[in-house]
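Visitor: I have a structure here, written as structure tokens, and I will follow up with some questions on it.
The values are calculated or read from the model by the stated rules, or taken from the named source; none is laboratory data. All values reported here derive from a predicted model rather than from experimental measurement. Because the Cβ atoms are built from the backbone with ideal geometry, glycine has one as well, and the counts that use them run over all protein chains shown.
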Amino acid sequence: MQSSTRQARQRLTLAAFAIAAISGSPLLRAATLTATRSTDSASEGLAGTGVGAAGELRAQMRAAGPGDTIDFSCGSPCTITLNGPLPPINSDLTIDGGTLGDVIIDGNNLYRVFFVNTGQVLLANLQIQNALAQGGSGGSGDGGGGGGLAFDGGNSTANAGARPPIRSIWCFTALACGARRAALRPR
């Protein structure tokens, strides 16, 4: 009797894991990825579609699955100067710099830093500086979408007007421009 009970429990456990895996449960797949390098190579420039090198923030963002966390072990301070915009965030993700001021992400006065397209995203303990978001030419062409952080519409917790959780973020020299490169200024 005890053997059949044990087998039944094992089958139920396996069934629960299978259901969770099929449903895409982030609890089973969530991982912590660590950015160990302060470089930003293979960015593909303005397109920002490059894969990056192993250990770089860009590569970790592209490798991250739903519910994953990216942390940093690239020195203190770790300054990452971008050579292209980082890839859009398209699923639940946490990016945590650990101690505020230890991780600095520099847009090189040319690139936006984070673009949250979809998902529940937590950005924490990061310094974002010298970022530039270039808007499109639709409408008046003045919408830049945020210099250091930009949030897009769609089926998302970061749609227009929404605010994803952000903890301890410093933004310096973050500029949003329209297609005519007219800087958006607070009113």
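Visitor: Give the number of residues within segment 69-96 that are more than 15 Å from residue 34 (Cβ to Cβ) and of a type in the set (A, V, I, L, M).
Guide: The number of residues fulfilling the criteria is 3.
Visitor: Yes or no: segment 97-108 includes at least one residue that is in the same structural domain as residue 68 (by TED's automatic domain parsing) and over 23 Å from residue 36 (Cβ atoms).
Guide: The answer is no, given that none of the residues of segment 97-108 is in the same structural domain as residue 68 (by TED's automatic domain parsing) and over 23 Å from residue 36 (Cβ atoms).
Visitor: Could you list, in sequence order, all residues of segment 89-114 that are in contact with an Asp or Glu (Cβ under 8 Å, 6 or more places away or on another chain) and farther than 15 Å from residue 68 by Cα?
Guide: Listed by number, the list holds a single entry, 98.
Visitor: While we're looking at this one, here's another question. Suppose we filter segment 97-124 for residues that are part of a strand (DSSP E or B) and within 24 Å of residue 41 (Cα to Cα); how many remain?
Guide: Counting residues in segment 97-124 that are part of a strand (DSSP E or B) and within 24 Å of residue 41 (Cα to Cα) gives 9.
Visitor: Only one of (1) surrounded by fewer than 19 Cβ atoms within 10 Å (Cβ to Cβ); (2) over 17 Å from the mean Cα position of the chain (by Cα) is not met by residue 74, so which one is it?
Guide: (1)
Visitor: Residue check, residue 94 against (1) surrounded by fewer than 23 Cβ atoms within 10 Å (Cβ to Cβ); (2) part of a loop (DSSP other than H, G, I, E, B), all met but one. Which one?
Guide: Unmet for residue 94, out of (1) surrounded by fewer than 23 Cβ atoms within 10 Å (Cβ to Cβ); (2) part of a loop (DSSP other than H, G, I, E, B): (2).
Visitor: For segment 45-63, give me each residue that is without any contact (Cβ under 8 Å) to a residue 40 or more places away in the chain, under 18 Å from residue 98 (Cα atoms) and not charged (D, E, K, R).
Guide: Scanning segment 45-63 gives 55, 60, 61.
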